[in-house]
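Contents: one structure, followed by commentary.
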Amino acid sequence: MHELLDDAARRAQRYLDGLDDRPVFPTEAMRARLRDLGGPLPAEPTAARDVLALLDDAASPATVASAGRRYFGFVTGGALPATVAASWLATAWDQNCFTSTMSPAVAAIEQIALGWLLEVLDLPREAGGAFVTGATMANLTGLAAARRAVLARAGWDVDEHGLQGAPRLRVVIGAEAHSTLRKALGLLGLGRSAVELVPVDAQGRMRADALPALDDRTIVCVQAGNVNSGAFDPASEICAAARAAGAWTHVDGAFGLWAAACPSRAHLARGVADADSWATDAHKWLNVPYDSGIAIVRDAAALRGALSISAPYLPQGAPREPGDFTPESSRRARAVEVWAALRSLGSRGLAELIERNCRQAERFAERLRAAGHDVLNDVVLNQVVVAFGDEAATRAVLARVAADGTCWCGPTTWGGRAAMRISVSSWATTDADVERSIDAILACAQDAARAGAT
């Protein structure tokens, strides 16, 4: 085991050291090696060192360099060094963090990390929380608590009786709500399309003046950080209207909720703390490894009531049993990485990370606009949406940028136009990386324009 883990560490370090010298998106030749991983299942065992070597040799080159400094395709932060190391240690621990009896250490770490999260995000300190797989499951978890609480007010026990025959719930969302929110609504039996849509403004913000009349059987879903523009729904007005009507407000803040941790951007999240539940993703702006969503509910009892579990063989009695707050039973100790990120950064370091990425996004927009390209959004956070002419021209630039390999930016459609979306969210991205990436994008745009003119 010692030699194997040492070998794994050497290979991982070599991979990280090489990120700056390889294409951000793997070439076709790099991806071709993946076939070496397949074939018939071997009948005989393979030495662990050979398994590791094959995995590294065939798969490492075919990965997307999202752990590097110039990946801007999705809101994906590269994992902080402390979180990678903590993840390795937690993997060695091999804890099932379902109950405090299964892992006293992880149960304590969850409680500490949750308290720190409530502090940096400026959410109610009495709130309950859950560490789940990602923002989709965080939305589902928060909305499960909402569904149970709203139906209970109507005299219906959804845990015992399900949804058949239940009073009808209303779900109000913005026209720019993220697709994963709709997925969560579908999984909960509330319907992906059985929603009341509120029109949005040019930046994708829900128009508070267009809210329908709300009541105490309504769940209103607010967005903190549009996935294209980065814009925030007007949470103060929406939460006030919901509270006056007795409705439940849920915030989908997969990446935007982290703005609350940065003094210079916290105004964007004004009023978000007035909601009843929140969903976010730590692998985005907290820069921990993937598989790290967080659900928070103001009324901890409502969260526990929706997700608790009991059986004769399950010991009870700890102040907070982790398994009573999450949809999963057996699960890995993902809170360890959140704890490591917050401990290593501190509140000041986290604020500086967010502010730096936002400033870098503004620099992308400044130079691209100065070169004559169309920046389609107000750059208020870390998102830049830019078009290079018509759809064909923009697609051509995207393809050239991907082939160039200096950076990688994703495609999107915004305001009816094909566009490139640039998401800046990695701790590792330097200002020099931004300038190098902009130079590459501008060169690709010039090449595409010349090719289109001939």
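Projected label points at Ala403 and Ala240, each 7 Å from Cα along the beta carbon direction, are separated by 5.4 nanometres.
Going by neighbour counts of Cβ atoms within 10 Å, the residues Val375, Val64, Val297 line up, fewest first, as Val64, Val375, Val297. What is segment 2-68 by shape, rounded, prolate or oblate, if you read a ≥ b ≥ c off the alpha carbon gyration tensor as root eigenvalues and call it rounded for a/c under 1.5, prolate for a/b larger than b/c, and oblate otherwise? Here segment 2-68 falls in the oblate category.
When each of His250, His2 is scored by the number of other beta-carbon atoms lying within 10 Å, the sequence from fewest to most is His2, His250. Placing a pseudo-label 7 Å from each Cα along the Cα-to-Cβ vector at Leu187 and Glu28 gives an inter-label distance of 3.7 nm. Between Ala213 and Ala12, the contour length at 0.36 nm per residue exceeds the Cα-Cα span by 66.8 nm. Loop sites by DSSP among the trypsin sites (Lys or Arg not before Pro) of the chain, restricted to those with at most 14 other Cβ atoms within 10 angstrom, leave 271-454 as the longest stretch without any of them. Relative to the current alpha-carbon distance between Trp88 and Arg125, full extension at 0.36 nm per residue lengthens the span by 10.3 nm.
A full extension of the chain between His267 and Arg153 corresponds to an added length of 37.7 nm, given 0.36 nm per residue minus the alpha carbon distance. Annotation: the antiparallel percentage among DSSP beta bridges lying fully within the chain is about 60. Each of Phe232, Phe25, Phe364 has some number of other Cβ atoms within 10 Å of its Cβ, and from fewest to most they run Phe25, Phe364, Phe232.
Counting only Cβ charges, +1 for Lys and Arg and -1 for Asp and Glu, the dipole size of the chain around its Cα centre is about 480 debye.
Of all DSSP beta bridges confined to segment 85-341, the antiparallel ones make up roughly 45%.
Only the coordinates and a few stated rules stand behind these numbers; no lab work does. In this text the structure is predicted, and so the values were computed from the model without any measurement. Because the Cβ atoms are built from the backbone with ideal geometry, glycine has one as well, and the counts that use them run over all protein chains shown.
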